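S.K.: What follows is a structure written as structure tokens; I'll ask about it next.
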Amino acid sequence: MFLQPKKTKYKKTRKGKLKNLEFKNNTIKFGEFGLKAQVSGIITARQIEAARRTIARKIKRKGKIWICIFPDLPITSKPTESRMGKGKGSVSYWGARVRGGTTLFEVCGIPKHVATEALRAGSKKLSVNTKIFD
């Protein structure tokens with residue numbers, strides 16, 4: 001089950017430039033411990049799901065997990081060995097724009113050592129450098 005929007009206004013969009021730091025979404029809102037991105041980048045829906053599954057497996061489904069990002073950016077690609085031109089490629093996967101400092105995951109209801117171990121295991125599935133905070 002990969003995350004993607006049910007409906008979008010436009011089928012394809014431009015990726016745009018990523019700014020360096022985020023100052024709005026850099027605090028914990030729901031849980032006790034959080035996983036924060038240190039650098040900007042694009043995280044795919046598959047990476048988010050893999051990290052979520054890893055965190056859920058490590059906490060043995062005792063606590064609660066919040067996913068604080070949503071992949072709403074369509075990433076397109078043209079087929080291999082196709083000639084130049086003839087428009088933009090079709091949507092191949094969905095990604096989430098992440099700025100440095102954005103909270104990615106939050107957990108609560110578990111001890112600190114279990115939470116840090118789970119978030120560390122989940123962070124290895126992501127394509128950006130992360131930091132665990134409480």
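Every read-out reported here was derived from the displayed coordinates using simple, explicitly stated rules and does not represent laboratory data. From a predicted model like this one, the values you see are computed outputs, not experimental measurements. For neighbour counting, all protein chains shown are included, and Cβ atoms are generated from backbone atoms with ideal geometry for every residue, glycine included.
S.K.: For a quick check: with amide H placed at 1.01 Å from N, whose amide H comes under 5 Å from Thr76's, ignoring anything fewer than 5 positions away on the same chain?
M.R.: Ser92
S.K.: Quick one: Karplus J couplings for segment 15-23, per residue in order, coefficients 6.51, -1.76, 1.60, θ = phi - 60°, nearest Hz, x for Gly and Pro?
M.R.: Whole-Hz 3J(HN,Hα) from phi for segment 15-23: 5, x, 9, 9, 7, 6, 10, 10, 10.
S.K.: Also, I was wondering about something else. Of the candidates Gly89, Gly34, Gly100, which one comes out as most mobile in a Gaussian network treatment of the chain with C-alpha springs shorter than 10 Å?
M.R.: Gly89
S.K.: While we're on this one: Tell me the angle of helix 45-58 to the major Cα principal axis of the chain, expressed in degrees between 0 and 90 and rounded to the nearest ten.
M.R.: Approximately 20 degrees, to the nearest 10.
S.K.: May I pose another question? Averaging over all projection directions, find the projected area of the Cα convex hull of segment 1-67 and quote it in nm² with one decimal place. Please list the in-between numbers first.
M.R.: Values: hull surface 25.1 nm².
Computing the convex hull of the Cα atoms and averaging its projections yields 6.3 nm².
S.K.: Using a Gaussian network model of the chain whose springs link C-alpha atoms within less than 10 Å, name the residue from Arg83, Arg14, Arg97 with the highest mean-square fluctuation.
M.R.: Largest GNM mean-square fluctuation: Arg83.
S.K.: Using the Cα centre of segment 15-129 as the reference point, and only Cβ charges (+1 on K/R, -1 on D/E), how large is the resulting charge dipole? Debye, rounded to the nearest 20. Before the final figure, lay out each step's value.
M.R.: On the way: 25 positive and 7 negative charges, 34 e Å.
The dipole magnitude comes to about 160 debye.
S.K.: Please say if segment 73-134 is rounded, prolate or oblate, where rounded means a/c under 1.5 for a ≥ b ≥ c the square roots of the C-alpha gyration tensor eigenvalues, and otherwise the choice is prolate for a/b larger than b/c and oblate otherwise? List each step's numbers first, then the result.
M.R.: Values: a/c = 4.02, a/b = 3.33, b/c = 1.21.
Prolate is the answer for segment 73-134, as a/c is 1.5 or above and a/b outweighs b/c.
S.K.: Something else: Across 10 Å bins from 0, what is the distribution of all Cα-Cα pair distances for the chain, in whole percents?
M.R.: Going from the shortest bin to the longest, the percentages are 12, 39, 30, 13, 4, 1.
S.K.: Can you run phi through the Karplus equation (6.51, -1.76, 1.60; θ = phi - 60°) for segment 75-88 and list ³J(HN,Hα) in whole Hz, with x for Gly and Pro?
M.R.: 9, 9, 8, 8, x, 5, 6, 9, 6, 5, x, 6, x, 7
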